[in-house]
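Since the structure comes first, as structure tokens, the remarks are kept for the end.
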Amino acid sequence: MLGVNPYIAFKGNCREAIEFYKSALDAEVLFTQTVGESPMSDMGPAESIMHCTIKVGDSTIMMCDDVRPDAAAGGGNISLAIGLNDPKRAKQLFGNLAKDGSVLMPLEKTYWAEAFGMVTDKFGVKWMVNCDAPK
């Protein structure tokens, strides 16, 4: 693998997150494997997600369940940035991510973008939605 991809560890609700991102972002699941399907089946609950890769536009996001009792949930100090050039689509994705989450900065026109906003989704993952200004 060449490049850098975000990898999010969820606190036991990765499967729910996968379904949420499929719906909210039109993500495509490229690969998923549970702990029980892996050679490391003694590592945790069989139904836990060992690894999943989803595709959002031209980008991939990897994720798993962190089965450690002291696992942190969600995004920590990292934000995932979505770049768009369609204001209607930006509004739709922002709204999808904000459902049951919290808006940090409403999606609105800025000096650099037609629309920009920040939201923390219901899993604690921080997102920035940026829609380029028309040229």
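The values are calculated or read from the model by the stated rules, or taken from the named source; none is laboratory data. Quick caveat: nothing in here was measured; it's all calculated off a predicted structure. Here the Cβ is made from the backbone with ideal geometry for all residues, glycine too, and neighbour counts use every protein chain on show. For the accessible areas, the whole protein counts, side chains as well, though only heavy atoms, and no ligand, DNA or RNA atoms are used. Shrake-Rupley method; radii C 1.70, N 1.55, O 1.52, S 1.80 Å.
Tabulated data
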item: Which listed residue, of K109, K126, K122, is of a type in the set (K, R) and in contact with an Asp or Glu (Cβ under 7 Å, 6 or more places away or on another chain); result: K122
item: Condition broken by G124, with the remaining ones in (1) at pLDDT below 95; (2) open to solvent by 70 Å² or more (accessible area, probe 1.4 Å) satisfied; result: (2)
item: Count of residues meeting criterion [surrounded by 15 or more Cβ atoms within 10 Å (Cβ to Cβ) and over 12 Å from the mean Cα position of the chain (by Cα)] in the stretch 16-34; result: 2
item: Residue that is surrounded by the fewest Cβ atoms within 10 Å (Cβ to Cβ) [pool: residues in the stretch 101-121 that are free of Cβ contacts under 8 Å to residues at least 60 places away in the same chain and among the acidic types (D, E)]; result: E108
item: Output for the stretch 60-100, where each listed residue is modelled with pLDDT under 95, surrounded by fewer than 16 Cβ atoms within 10 Å (Cβ to Cβ) and more than 15 Å from G117 (Cβ to Cβ); result: R68, P69, D70, A71, A72, A73, G76, N77, I78, N85
item: Residue selected from the stretch 1-58 under the condition outside any loop (DSSP other than H, G, I, E, B) and among the basic types (K, R), by the criterion farthest from S79 (Cα to Cα); result: R15
item: Residues satisfying the stated conditions in the stretch 4-28, i.e. more than 18 Å from Q92 (Cβ to Cβ) and in contact with a helix residue (DSSP H, G or I) (Cβ under 6 Å, 6 or more places away or on another chain); result: F10
item: Filtered residue count, the stretch 81-132, keeping only those that are farther than 20 Å from I18 by Cβ, among the charged types (D, E, K, R) and in a strand (DSSP E or B); result: 3
